[in-house]
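Data first, discussion second: the structure below is written as structure tokens.
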Ligand SMILES: [Zn+2]
């Protein structure tokens, strides 16, 4: 499951009031540790804060990507190598920084990417004020190529994708 690391034990503070996910609790550290230890779940990064990484200054973006990976790896007790970009949004600089931080694979949302251009909110406080398009399809990218995520998604509970606690 993809974990917004800075929100562990907190709530979804990035989706606007139009979203049913707004305010939903995020699993706590003990729950994530137990899930990973049980072998059924693999923990992957969803960034540190739920920010549009494209909009962050490069040093801040790199620091967040690295911190998210380090914290989650420590929690999981093994290296965390996968990432889902917050909002599914990335660009060339974001992908290069994800690679540099040591991620081997990252998931993007190509439809949202096309819909938002560069107008997406940078961080949760901005996300609460701005409406965002609903409905999206996902694609999976290594830093350089993309293919469909549909099959991978089918087997995963939607709540699990972002580390929701039911
Ligand atoms: Zn997200």
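The values are calculated or read from the model by the stated rules, or taken from the named source; none is laboratory data. Please read all numbers here as calculations on a predicted model, not as lab measurements. Heads up, the Cβs are rebuilt from the backbone with ideal geometry, glycines too, and the neighbour counts pull from every protein chain shown.
Data for the structure
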item: Which listed residue, of 16, 39, 6, is assigned to a loop (DSSP other than H, G, I, E, B), surrounded by fewer than 22 Cβ atoms within 10 Å (Cβ to Cβ) and within 14 Å of the ligand (Cβ to nearest atom); result: 16
item: Residue pairs meeting the criteria (Cβ under 6 Å; at least 6 apart or on separate chains; first farther than 14 Å from residue 46 by Cβ and in a helix (DSSP H, G or I), in the stretch 77-103; second away from the ligand (no atom under 16 Å from the Cβ) and at pLDDT below 95); result: 95/143; 99/143
item: Qualifying residue in the stretch 57-78 (condition: at pLDDT 95 or above, in contact with a helix residue (DSSP H, G or I) (Cβ under 7 Å, 6 or more places away or on another chain) and within 12 Å of the ligand (Cβ to nearest atom)); result: no
item: Neighbours by Cβ (under 6 Å, 6+ apart or cross-chain): first from the stretch 26-47, on the phi > 0 side of the Ramachandran plot; second within 16 Å of the ligand (Cβ to nearest atom) and in a helix (DSSP H, G or I); result: 47/68; 47/86
